[in-house]
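Below: one structure, written as structure tokens.
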Protein chains: 2
Amino acid sequence: MISVDRADLAFQLFDALPTASLAALPRFADYDRTAMDEVLDTAERIAMEHFQPHAAALDLNEPRFEDGKVVMDPQVGAALAVYREAGFFGAGFDREWGGAQMPETLLGAVNFIFSMANISTAAYPLLTAGAAHLIASFGTDEQKERFMKPMIEGRFFGTMCLSEPQAGSSLAELTTRAEPRSDGSYELTGHKMWISGGDHEMSENIIHMVLAKIPDSPAGVKGISLFIVPKFLIEDDGSLGARNGVALAGLNRKMGYRGTTNAALNLGEDTPCIGYLVGEPDKGLSYMFQMMNEARIGVGLGATALGAAGYRASLLYAKERPQGHLPGNWNPESPPVTIIEHADVKRMLLAQKAAVEGALALLLYAAFLVDAIKAAPNVEAGHDSRLLLDLLTPIAKSWPSEFCLEANKHAIQVLGGYGYTLDYPVERLYRDNRANSIHEGTHGIQGIDLLGRKVMQENGAGMKVLAARIMADVTQAHTHRELAAHAEELAAHLGEAVATTGKLAGTVGTDPRLGLANASLYLDMMGHVVIAWMWLRQAMAALRKRGEGVDADFIDGKLATCRYFFLYELPKARTQRALLDKLDDTTLAMKPQWF
Amino acid sequence: MISVDRADLAFQLFDALPTASLAALPRFADYDRTAMDEVLDTAERIAMEHFQPHAAALDLNEPRFEDGKVVMDPQVGAALAVYREAGFFGAGFDREWGGAQMPETLLGAVNFIFSMANISTAAYPLLTAGAAHLIASFGTDEQKERFMKPMIEGRFFGTMCLSEPQAGSSLAELTTRAEPRSDGSYELTGHKMWISGGDHEMSENIIHMVLAKIPDSPAGVKGISLFIVPKFLIEDDGSLGARNGVALAGLNRKMGYRGTTNAALNLGEDTPCIGYLVGEPDKGLSYMFQMMNEARIGVGLGATALGAAGYRASLLYAKERPQGHLPGNWNPESPPVTIIEHADVKRMLLAQKAAVEGALALLLYAAFLVDAIKAAPNVEAGHDSRLLLDLLTPIAKSWPSEFCLEANKHAIQVLGGYGYTLDYPVERLYRDNRANSIHEGTHGIQGIDLLGRKVMQENGAGMKVLAARIMADVTQAHTHRELAAHAEELAAHLGEAVATTGKLAGTVGTDPRLGLANASLYLDMMGHVVIAWMWLRQAMAALRKRGEGVDADFIDGKLATCRYFFLYELPKARTQRALLDKLDDTTLAMKPQWF
């Protein structure tokens, strides 16, 4: 029912981006184009044969909480066993620790494929990788050996435990406590909430990465430390020991993403809950931000994959479903056309294609920046890429969460009544995607991150890097007659966006409440400019391929969708800037009692 | 959990509209303000005590198809029995037939209340009233006595059977056939699909209003006739006879609106299916359009009610949930604020308030037009109201379906992770609301109806009536210093919208495919202008109340929300007009193979 558009994926990886060139770097020497294609083939095969078939059933039979344990459709574990066998758990990790040392860009494409097929099942290894990365970056060698290596092997799964019932967006309000024990470990007490993959029976162990406060630490976010809390304690020989005091209190029943357990956990309620400090005390949040940034890009990629799955399903339907006549043909005896012939259906498909392929371009671009940073000979050489990645992260998380959800809405509409039923995947994809503007930092949090932090970093250096990269592409696009108008339009938008940013940033300095009041709209506006840039890049890549004997329809489709985005979507950014430039205080001035 | 904002409802009915003046008309003489308030009190009490409590359970335990019958939560039937006892089934019908002869405007408010509480349960009597209205308008006295009267009494329920598996939006492609029998009745054969309330065991009988083709009728929409098809045949003495050959083939499992059965029906498959012609042959579609127009306004009202329910639930949450600090307060020891203090939360609440109360104003305005038409001494006197109602109907259906769904999206976001769980109603409301841009004519169909039909009627006379009414309010608004800028802005938007309409209408005449290519966007654009008008009217009504000792917060809230709509929403209409004015053919020119 859902199929991966491998032609587009190859285009995105190897034409719009120089992913094949990564093989020139020693770290990625194994990954030439042939090897990368093989990885994608394997991912697609496993995703289609093992992940997709149970996606609908898993949604209908969500994991249940019975006798203190999670009861789950066994197809999830079976699919993940195949995934593990293929080595995907450790795909991005160093060979030194048993990983496959895949470039992040390729890994992005792999994750996109699995998430398209079944995002609920795909979430478990993605969460595990995120948790393992934290240990890789900040753990001791002993912690790596004991906890991380089995995660890379796919024997242990992982989670991140930030939120609590009373503290979701505001981590400053965490109350989970960690008391030092005489042996150097800690004993944790508290309640964690919204823990994806928080419990299940599919792995030998679950490694929770937990934020908690050590007594006498500073108040707020500066007094948070990071701990490793295994579900089962681990003996010195690596074997599993006693059950640790991290207990499943319940599972949240959700609108979507239902196959991924989402748990409330009690720490240290009946049994002591032992944790191991990672890195230094009170630095937990800064460590966690590494994983959060990675997770945020992962959320954007997931949102894009869900959008893509809906797009492909609705495209297939539109090509096969006959109904209606075109305006001007009033002969009721003539046979109906397939609905893809109707302008409004084309519009809804174009809107999906523009959102999904635009978002995918951005997510892979971000992944390529990660590779560029890793490949840089020193910190200085990777500095610009790091700044740009920091700036793009809230956009890469939020834009797809918002506009690929909108794409899923269109997918339902293309199928009409059928789209609203459980007989087709599109309604499920829409429900799944609604999570993405909430978890890993809400849309509002991302807006504040972008406007209140990222555009300010190093005196606006990130915006300068962004502007320089966009202008380099604009200059190049000007050489294509067909793209000159778009290039000019993008340059104008960029100039205005920089001016709006300056105005808002200045206000944030003098009156943070007013400056940040419409940060969410600023985020959407910047997202549209960035996605327009991604479309210009795709259009250029398409033109480069013209004459190379490539499918002309593919190229024409890219150019038409670029045009669609520039005409139908990008102008909205100007409307939003006009509002932002006013520094309007309507939302801020609204009093609670006026509602 | 969900509560009705009676203060706003009273404001909408009696301040923004002269609903109380209807009592001066002989038809509505019983409905003075006191009587209307009593009706609303009764509706609210029944809705809150009998409809709301089972809304969540009904969603979780949707009606099932077992042994050829529908198994449903008995609370639905119990609630509808209370509703019936209170006389709401016949609320809008003539006293002559046992109805309560309520004004449509009041009835709109009543339906709004029940739909807020539980739209799935409320759907059954609303569908019944729609079906009964068709018989009231086009049936014989005998048909009224036999079929309609028991519907008014709430003993029989009703449905409308238009769609078929192969023909949803395109009724020209219907294939259900009706063969005349010697006794003047017809025998029907075919398959009907998406029939809301299509089967259940809650009423003595179900009266289906079925579209079918009589042999040798013209092809297409000109050869469709309307039939009464009872589930049980009715003897001459009014008692129930044999089971008629309309058989439940299955129930659709849906994303939302799950308590309302949605059935596939087989006509005349095993048992002959007897039907009775309504009115003249081949006029079925024009008859049905009466019901469809009524149903479309009903859909808009339902979408608004769902939006309102979400708004109220998220407002309550935002006022009670403490979390986070305001920008500029960096003291982590200070207590968290309630989240309604955060500008982004206020924005999401404002967006909901603007959408919901703007849409409600439009729906009640449309209902008032129905009353004005009924009250007109002759057809001529009601002519302008009829034209305006025709023009506003696709907007009244579609704008709330789109933007109150968006409101429900915001409601989830205000609750964060909690909003994504089944513990709160907001995710269910969002799922329910997703149906409304599909059923009773999709969003795309409404766009074509507005641009291809309604604005063309009588040489654009409907647009002239609309423009005249808006300008009358603009002139009046100019006298309020606080509203002069909004009035000016609305006048400018109206002028531009009229120009865009002329341009598009001209193109529809010469090149219908190009002219109608972006009809959906035209629909959204016109919707924004109309809702801005509704907000200007509300703001004026609020100012009129100032000084009358009315709650100042209520008035300030209306003015602030009007301002929000004019600043944050209305400018989008200009962006869309710029696109529409281009007569851009990007969507039209997109080839299927380019996707």
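The values are calculated or read from the model by the stated rules, or taken from the named source; none is laboratory data. Just so it is clear, the model here is predicted, and its values are computed rather than measured. Ideal geometry is used to build each Cβ from the backbone, glycine not excepted, and the neighbour counts take in all protein chains shown. To get the accessible areas, we keep the full protein, side chains included, count just its heavy atoms, and leave off ligands, DNA and RNA. Shrake-Rupley method; radii C 1.70, N 1.55, O 1.52, S 1.80 Å.
Based on the Cα gyration tensor of the range B:125-228, what are the three equivalent ellipsoid semi-axes, each the root of five times an eigenvalue, rounded to whole Å and given largest first?
Its equivalent ellipsoid spans semi-axes of 23, 17, 12 Å.
Where only protein heavy atoms count, and the probe is 1.4 Å, what is the accessible area per residue for the range A:533-577 in Å²?
Computed with neighbouring chains in place, this is 33 Å² per residue.
Just the Cα atoms of the range B:157-282, one point each, no solvent: what log10 I(q)/I(0) does Debye give at q = 0.22 Å⁻¹?
Log-scaled intensity ratios, in q order: -1.33.
A drop of at least 40 square angstrom in accessible area, chain alone versus all protein chains together, probe 1.4 Å. Which residues of the range A:253-280 meet that?
A:253, A:255
Sum up the charges of everything whose Cβ sits under 10 Å from the Cβ of residue A:100, counting Lys and Arg as +1 and Asp and Glu as -1, but leave residue A:100 out. Spell out each step's value before the answer.
Working: positive: A:95; negative: A:30, A:94.
Once all neighbours under 10 Å are counted, the net charge is -1.
If you find the alpha carbon centre of the range B:122-167 and of the range B:1-57, how far apart are they in angstrom?
Each part's Cα centre sits 24 Å from the other's.
Hey, can you find the accessible area per residue of the range B:22-117 for me, probe 1.4 Å, expressed in square angstrom?
Value for the range B:22-117: 42 Å² per residue.
So which residues of the range B:422-447 lose at least 50 Å² of accessible area, probe 1.4 Å, when you go from the chain by itself to every protein chain present?
The answer is B:422, B:430, B:434, B:438 - residues whose exposure falls by at least 50 Å² when every protein chain is included.
In a shell of Cβ-Cβ distance under 13 Å around residue B:226, excluding residue B:226 itself, what net charge do Lys and Arg (+1) and Asp and Glu (-1) give? Numbers along the way, then the final one.
Details: positive: B:213, B:283; negative: B:280, B:282.
That works out to 0.
Taking H as built 1.01 Å from N, whose amide H comes closer than 5 Å to the amide H of residue A:273, not counting residues under 5 places away?
Here A:188, A:245, A:268 satisfy the definition.
With labels modelled as points extended 7 Å from the Cα through the Cβ direction, what inter-label distance (nm, one decimal) is found for residue A:511 paired with residue A:469?
3.4 nm
Going by alpha carbons, how many degrees (0 to 90, nearest 10) lie between the helix axis of B:33-46 and the longest principal axis of chain B?
Orientation of helix B:33-46: about 80 degrees from the principal axis.
At q = 0.05, 0.08 Å⁻¹, what is the log10 ratio I(q)/I(0) for the protein assembly as shown, with the Debye formula run over Cα points and no solvent?
The calculated log intensity ratios at q = 0.05, 0.08 Å⁻¹ are -0.34, -0.89.
With only alpha-carbon atoms in the gyration tensor, what are the semi-axes of the equivalent ellipsoid for the range B:261-318, in Å, largest first?
Rounded to whole Å, the semi-axes are 39, 18, 6.
Determine how large the accessible area of residue B:418 is when every protein chain is in place; take a 1.4 Å probe and give Å² rounded to the nearest 10.
About 40 Å², ignoring ligands and nucleic acids.
Only residues of the range A:523-549 count here: report those whose backbone N is under 17 Å from the spot 7 Å along Cα→Cβ of residue B:578, or say none.
Within reach of a label on residue B:578, which here means backbone N under 17 Å from a point 7 Å along Cα→Cβ, the range A:523-549 contributes A:525-530, A:532-533.
Does any residue of the range B:216-236 lose at least 40 Å² of accessible area with all protein chains in place compared with its chain alone, and if so which ones (probe 1.4 Å)?
When all protein chains are present, B:219 each give up 40 Å² or more of accessible surface.
Label points 7 Å out from Cα along the Cβ direction at residue A:482 and residue B:329: separation in nm?
5.6 nm
Roll a 1.4 Å probe over the protein heavy atoms and report the accessible area of residue B:342 in Å², nearest 10.
Using a 1.4 Å probe on the heavy atoms, I get roughly 40 Å².
By how many degrees, 0 to 90 and rounded to 10, does the Cα axis of helix B:457-477 deviate from the longest principal axis of chain B?
30 degrees
Suppose accessible area is computed on protein heavy atoms with a 1.4 Å probe; arrange A:588, A:415 from highest to lowest. Numbers along the way, then the final one.
On the way: A:588 50, A:415 5 Å².
Largest to smallest exposure gives the sequence A:588, A:415.
Give me the log10 of I(q) over I(0) for the range B:234-338 at q = 0.12, 0.19 Å⁻¹, as the Debye formula computes it from C-alpha points; what are the numbers?
Normalising to I(0) and taking log10 leaves -0.77, -1.19.
If one takes the accessible area of chain A alone plus chain B alone and subtracts that of the pair, with a 1.4 Å probe, what total in Å², rounded to the nearest 100, results?
In total, this chain pair buries about 8200 Å².
How far, in degrees from 0 to 90, does helix B:104-138 lean away from the longest principal axis of the Cα atoms of chain B, to the nearest 10?
Once rounded, one gets 40 degrees.
Based only on Cα atoms, what Rg/Rh ratio does the range B:443-585 have, Rh being taken as Kirkwood's radius?
We get a ratio of 1.05 for the range B:443-585.
Share of Cα-Cα pairs in the range A:549-595 beyond 17 Å, in percent?
When all Cα pairs of the range A:549-595 are counted, 61 percent exceed 17 Å.
For B:357, A:38, what's the largest-to-smallest order of accessible area, 1.4 Å probe?
Output order, biggest surface exposure first: A:38, B:357.
For the range B:210-284 and the range A:471-518, what is the separation of their C-alpha centers, rounded to whole Å?
The two parts, judged by their Cα centres, are 59 Å apart.
Taking the Cβ of residue A:125 as the center, what net charge do the other residues with Cβ under 14 Å away carry, scoring Lys and Arg +1 and Asp and Glu -1?
On the way: positive: A:84, A:155; negative: A:85, A:153, A:294.
Summing Lys and Arg as +1 and Asp and Glu as -1 gives -1.
Tell me, what % of the accessible area of the protein assembly as shown is carbon and sulfur with a 1.4 angstrom probe?
That fraction is 53 percent.
Could you pull the Rg and Dmax for the range B:370-411, using just the Cα atoms, both in Å?
15.0, 46
What is the mean projected area of the alpha carbon convex hull for chain B, to one decimal in square nanometres? Kindly include the intermediate steps, with their values, before the conclusion.
Details: hull surface 118.9 nm².
If you wrap the Cα atoms of chain B in a convex hull and average its projections, you get 29.7 nm².
Where Rh denotes the Kirkwood radius from the mean inverse Cα pair distance, what is Rg over Rh for the range A:72-133?
Result for the range A:72-133 is an Rg/Rh of 0.96.
Can you tell me what percent of all Cα-Cα pairs in the range B:6-149 are more than 24 Å apart?
Distances greater than 24 Å cover 40 percent of the Cα pairs.
Ratio to report: Rg/Rh of the range B:196-251, with Cα atoms as the point set and Rh obtained by the Kirkwood method; give two decimals.
Taking Rg over the Kirkwood Rh, I get 1.05.
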